[in-house]
Every structure is written in structure tokens, then in C-alpha cells.
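Worksheet: the structure to be examined is printed underneath.
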Amino acid sequence: MAKQTASLYNPGETEIVPRLNRKTTPVPVVSRWERRWVDIRVKFTFLLTALQCYRSPLKAIATIRKLLQFRQAMNGRKEIRRCIKAGGKYYFSVYIPGYPSALFNRYIRTELNYITPHKQPVNRLQVLQLAITNRCPLKCEHCFEWNNLNREEIFSTEQLVQLVKKFSAEGCAQFHLTGGEPMVKLARLTEIISQAGLLHEFYILSSGLNITEENALRLKEAGATGVIISLDHFDPVLHNLFRGSAQAYNHVVAAISNARRAGLVTALSLCATRSFITQANLWSYANLARKLGVCFVQVLEPKAVGHYQDQPVVLTAAETALLEKFYLEINFNHNCRDYPVFLYHGYHQRRLGCLSGGERILYIDSAGHIDACPFCQTKSYEAAAVISGRLLIKDIKIGGCPAYKKP
Ligand code: SF4
């Protein structure tokens, strides 16, 4: 079923927007008791891993304590946050490998190493965010890649495969493949993912464009773990206006449904703008996310880069306070247990500093620059130098996030 509605994107015209099925697609959140059982198992994995790393029970326990305190400070509460079950694994975030897995164990080893260094192999990065193309047919209001879009491509598929293999050899738990719009280069995407084998998790960050049933299956078969789809408003017309495309909302709804059917982990990404942030809007968005049955929702803050350059988009203290209140409520209130898990980086960034900035997470943009993150476009190195061997990954040092310093 679809309805016609006045277009804000093209004034004077109408748009066809799909009506969502009234039936809610259940979010695959695990029950409270299963979550407690998973928590015991995860803590046991922590203990075994720490014992292997330190060979001293006292040192192992002391480091695990600190790691748990760090995680609690990040999440905001001592209680256990909800988690998702998909394909026989448990997912706590789109930035943490599924449990149980060898990838998860190595991820933990790496986190332990940040607290108390040890000599076991660790990842150089937990996540590499890699723009695989600068092509994109959309015109999003907040696009941080705006100045790079639709130019001559910097890298060939072979070069990108080489880049991924080099980061893989140094240890990298996850690759988040972005653009431009990565789904306009499906063959390139599947080639990169399948060439890297099953040693990593791959997420595709997309507007939802071109994630048809068949393409979602192709991504899954290549070895992708999940998709993170941008949805910036629960109102189809306002989302389309934000994205500069009359079909943007339809693509999101279809992408989530097709990705779910293909067995991919699903997430929505919201750029929470100043005009969007009200309690009512956040709950309407959460209700839509629940209806779509997505596993996670990532809330990003607008930054004055790219298409937003020099614009007064940065959130006020009152707006971030409202986001934080909502974040804690939806994740920890037992009555919200059937909602997706919400991730809000601003919460921990303001308390613990940023986890990106080249330490755990690094960004390679669609012009081939190596940046602290998509928003802090430091252009610190060139990815071409990594591909040619002139720059070793171990020598990439960005020096942390320029925006959120560690306390
Ligand atoms: S934000 Fe993404 S989808 Fe939107 S214009 Fe930029 S690259 Fe394209």
C-alpha cells in the first residue's frame, strides 16, 4: 500500500510513499534471562583471554575490572545493555564483532592491551571506515564527503582489495565500507569482501539505494555481516527532502526488509539535527525503527564539515542533554526492551574522549586521504602511500581525536 503526499523536495509535485505494514517486525533483542546468561559467558571469555595475555590471575582480574568500568562508563549505566541475536551470534554494537567468535576474542585482547599492555597479537585497528567510491546520486544536507563526490575515482577495485589486505595483515576486526554511495559499486563491494575472506566483519554504510532482495543476498554470500542505512527522519517527505531524493525513504524501507531477509545485521543511522531533536521526534523515530525490526540505531551529531561547512549546525548543550536522556531511557528502561539498541557516540565522547582519531578507528575518505574520522578531516596521510608500500600501517599516527580529548 502506498499514499500520495505533497513533495517538499519538488514543490508542487506529489510523492508516493509506502505505508508500513501495521504489523511490527520484531527486533531480535535477546530476553533478559538470555542476556544475563550471555553476560556470564562473555565475562568468562574475558577471564580466559586475560589469563592467556598476562599469565597472572591478579593482573588479569585487575585489568578486566578496569575494562568493565570503561565499558560501563561508555554505555552510561552499570546495568547490562540489551543485545541482539542474529545468525547464531550475539551483537552488542555494530562496532564490536559478534560473540562467540575468534574475532571477538581478538577484539577483547586488543581492548585489554589498551589498559595493560601484553605481548599477545592484537589488532592495529578495531574498525577501518573505508570509502570505496566517490560516486553518489544523492544530495544530502549533511554530507561530509560533499567536496569529494562524483569526481574521477581515486582507486581501482584491485587497489582497494590491496588496501584491505594490508590492514587485514596488521589486524583489523571490522571494515565499514562507505562512499559516496557504495551500493552503486556492488561488484567492487562484493569483490573486496570476498577477497578478504571470512576473517573480518564487513558492514556496508548506505542510503539504502540498490539494496534489492537479490543484492542483499549477494552481499551476504560475499561475506558481509550487516548494513547501516541512513534514515534522518521518520517522516518520509522530510527524509527525502534531507537526502535530496524523492525515493530515499522508499529505499530505506526496502533495504532494511531485504537485508533482514538475507540474514544481515541491520542498523539505521540518524543525523540528529537541531530542528529534529525533540522528545516526540526521537520517540517517533524509535517507533519506526522498532516497526522496521532493525537491530541497532546509531545517532550521529551534525558537524560543520562538507555540505554543512560554516553552518551553525553544532548541537547546543540543551540538545545534547536531551539526546543523552533519551539514549539512557531507551536502552535501560525495561519497558523499552523491544526497541532496537541505540548507540550515541556523543555520550561517551564527552566523558571518555573519542575512540576514533586513528587509535581504534580510522577513516579513509573517497579522495584517498587518511583522516581521524569522517568528521575530523585531518588529511594526515595518503592511502596511496600504504598501497605502494611507502607508508607502513604501523607508522600511521594521528594522535587522537582533535575534537574530543581524553580526560
Ligand atoms: S551523505 Fe552519503 S548518500 Fe548522502 S550525498 Fe553524501 S555520500 Fe551520498
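The values are calculated or read from the model by the stated rules, or taken from the named source; none is laboratory data. Since this is a predicted model, take the numbers as computed values, not measurements. Neighbour counts are summed over all protein chains in view; Cβ atoms, including those assigned to glycine, are modelled from backbone coordinates with ideal geometry.
Key figures
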| item | result |
| --- | --- |
| Complete set of residues in the stretch 144-154 that are surrounded by fewer than 21 Cβ atoms within 10 Å (Cβ to Cβ) and within 22 Å of LYS303 (Cα to Cα) | TRP146, ASN147, ASN150 |
| Selection within the stretch 194-208 - over 17 Å from CYS373 (Cβ atoms) and within 17 Å of the chain's Cα centre (by Cα) | HIS200, GLU201, PHE202, ILE204, SER206, SER207, GLY208 |
| Residues satisfying the stated conditions in the stretch 155-188, i.e. free of Cβ contacts under 8 Å to residues at least 40 places away in the same chain, surrounded by fewer than 22 Cβ atoms within 10 Å (Cβ to Cβ) and within 16 Å of the ligand (Cβ to nearest atom) | LEU186 |
| Selection status of TYR107, modelled with pLDDT of 90 or more, surrounded by 15 or more Cβ atoms within 10 Å (Cβ to Cβ) and closer than 26 Å to ALA196 by Cβ | yes |
| Residue match in the stretch 178-188 (condition: more than 28 Å from ASP395 (Cβ to Cβ), in a helix (DSSP H, G or I), in contact with a Lys or Arg (Cβ under 9 Å, 6 or more places away or on another chain) and among the charged types (D, E, K, R)) | yes |
| Complete set of residues in the stretch 291-326 that are more than 16 Å from the ligand (Cβ to nearest atom), surrounded by 13 or more Cβ atoms within 10 Å (Cβ to Cβ) and on the phi > 0 side of the Ramachandran plot | GLY293 |
| All positions within the stretch 213-267 that are within 15 Å of the ligand (Cβ to nearest atom), closer than 17 Å to GLU181 by Cβ and assigned to a helix (DSSP H, G or I) | HIS239, ASN240, PHE242, ARG243, ALA248, TYR249, ASN250, HIS251, VAL252, ALA255 |
| Residue within the stretch 282-290 that is buried (at least 18 other Cβ atoms within 10 Å of the Cβ), outside any helix (DSSP H, G or I) and among the hydroxyl-bearing types (Ser, Thr, Tyr) present | no |
| Hey, ARG360 buried (at least 17 other Cβ atoms within 10 Å of the Cβ) and at pLDDT below 95 or not | yes |
| Filter result for the condition that a residue is at positive phi, assigned by TED's automatic domain parsing to the domain that holds PHE144 and in contact (Cβ under 8 Å) with a residue 12 or more places away in the chain, over GLY400, GLY346, GLY358 | GLY358 |
